[in-house]
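Reading through the structure tokens given below for one structure.
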Amino acid sequence: MLELIAVATITLLAVISPGADFAMVSRFSLLHGRRAGLLAACGIALGVLLHVSYTLLGLGLLLAASPLWLGALKWLGAGYLIHIGIGTFRSPPISDAAQAAQTAPGSWQALRSGLLCNALNPKTTLFVVSTFSQVVSSHTPLWQQLGYGLFMSLAHLLWFAVVAVGLSSQAVRSRLLQRQRTLNRGIGSVLAMLGLLLAASNLA
């Protein structure tokens, strides 16, 4: 029971901490609507499952202990965030919600963006690996460890679904779309800055 409480507490704190995933869901929800935001949230949840899968296979500890592979992951993640950030910063304004719907990305693009944002985030890697290696006992049955992993993924999905629904509401979007250029530059700057900070941590 104590192990379950510890995993749940750590997961919830990790989920609600602002970061790249939050910025990504905000971007899709505000610029392209609820459906795009929810698909990005689903992609993030799939990314968590990916981290859990290789961790349970024993590859997570190897990745976390290898400066070369962890460094490569950081560079990939940094490059992706900077690329998305610059693209968002330079995006032309959308006049209204109807135009936003017309220019909305495809389902796969929104899902893939959420998946890549989470899968290439070394912070999520370290969060999952450290939880399973330091909090979860090696004697814990595999089915229970799988349950922990599913809980981590579901917690991410539910939290970012709430974010997507909230930010894609008619009142919020209509008001923010009137400040589209500022919104694009704000979200783009946050994503690019997170990428630069990630790259800087690789040089430290």
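The values are calculated or read from the model by the stated rules, or taken from the named source; none is laboratory data. Owing to the predicted nature of the structure, the values given are computational and were not obtained by experimental measurement. All Cβ positions, even for glycine, are placed from backbone atoms using ideal geometry, and neighbour counts span all protein chains on display. For the accessible areas, the whole protein counts, side chains as well, though only heavy atoms, and no ligand, DNA or RNA atoms are used. Shrake-Rupley method; radii C 1.70, N 1.55, O 1.52, S 1.80 Å.
For this structure, a couple of remarks:
- Index of the failed condition, L196 passing every other in (1) of a type outside the set (D, E); (2) closer than 20 Å to L39 by Cβ; (3) open to solvent by 20 Å² or more (accessible area, probe 1.4 Å): (2)
- Annotation note: of L31, L39, L62, L2, the sole residue that is of a type in the set (A, V, I, L, M, F, W, C) and at pLDDT below 80 is L62.
- Taken over the stretch 15-31, the criterion of being open to solvent by 40 Å² or more (accessible area, probe 1.4 Å) and farther than 15 Å from L116 by Cα is satisfied by I16, S17, P18.
- Listed by position, the helices (runs of 4 or more DSSP H) inside the stretch 118-204 whose residues that are within 13 Å of the chain's Cα centre (by Cα) and at pLDDT 85 or above number at least 1 are 122-130, 142-167.
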